[in-house]
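Please read the structure below before turning to the comments.
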Amino acid sequence: MNGVLEKSAVKRVIAAMQNYEIKGQIKVLSETAKSASEAASGLGIEVGQIASSLIFKLPNQSPLLIITSGRHRVDTDLVASNLEVEKLDRVDADYVKEKSGFSIGGVSPIG
């Protein structure tokens, strides 16, 4: 837990919050949370209160960030249809880190 707030990814989130005047605070969990369920448990809230930030890959290889309630699954066929693309690809941890700067389970919607 020591030094978490000093990580570059966390500093980007803090800077974005300040830049856009977003009120709130960053809470550091004592245990790693790699899923919405683990995050909710660590915060003592319901999984539906967690916003999951998920990254997919579009056919043109660009990343797509989708934010959903922690209790819901993304219907990739529906999203692809709405975006008028053939499909969305699921991505691995390396792609998420490369494109967002965050690790899976810790992707922020800002920063």
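If I model a spin label at Ala15 and Asn60 as a point 7 Å from the Cα along the Cα→Cβ vector, what separation in nanometres do I get?
With each label point 7 Å from Cα toward Cβ, the separation is 2.7 nm.
Can you give the calculated 222 nm mean residue ellipticity of the chain, where each DSSP H run of n ≥ 4 adds -39,500 (n - 2.57) and the sum is split over every residue, rounded to the nearest 500 deg cm²/dmol?
-9000 deg cm²/dmol, from helical runs alone.
For the chain, just list the percent of Cα-Cα distances falling in each 5 Å bin from zero outward, please.
2, 11, 18, 22, 22, 14, 8, 3, 0
Please report the spacing between the Cα centers of the stretch 2-29 and the stretch 38-55 in Å, no decimals.
Taking the Cα centre of the stretch 38-55 as reference, the centre of the stretch 2-29 is 17 Å away.
Please compute the length gained on full extension between Val85 and Glu46, using 0.36 nm multiplied by the number of residues separating them and subtracting their Cα-Cα distance. Show your work: numbers first, answer last.
On the way: separation 39, 0.36 × 39 = 14.04 nm, distance 3.36 nm.
Taking 0.36 nm per residue and subtracting the Cα distance, the gain is 10.7 nm.
Lysines within cross-link reach of Lys57: Cα-Cα under 25 Å, excluding same-chain residues under 8 positions apart?
Lys34, Lys87, Lys97, Lys99
When Ser62, Ser35, Ser53 are ordered from fewest to most other Cβ atoms inside 10 Å of their Cβ, what list results?
On the way: Ser62 9, Ser35 15, Ser53 18.
Placing the least packed residue first, the sequence is Ser62, Ser35, Ser53.
FYI, it's all coordinate maths here, none of it is from the lab. Source: prediction; values computed, not measured. Note: ideal-geometry Cβ built from the backbone for every residue, glycine included; neighbour counts use all protein chains shown.
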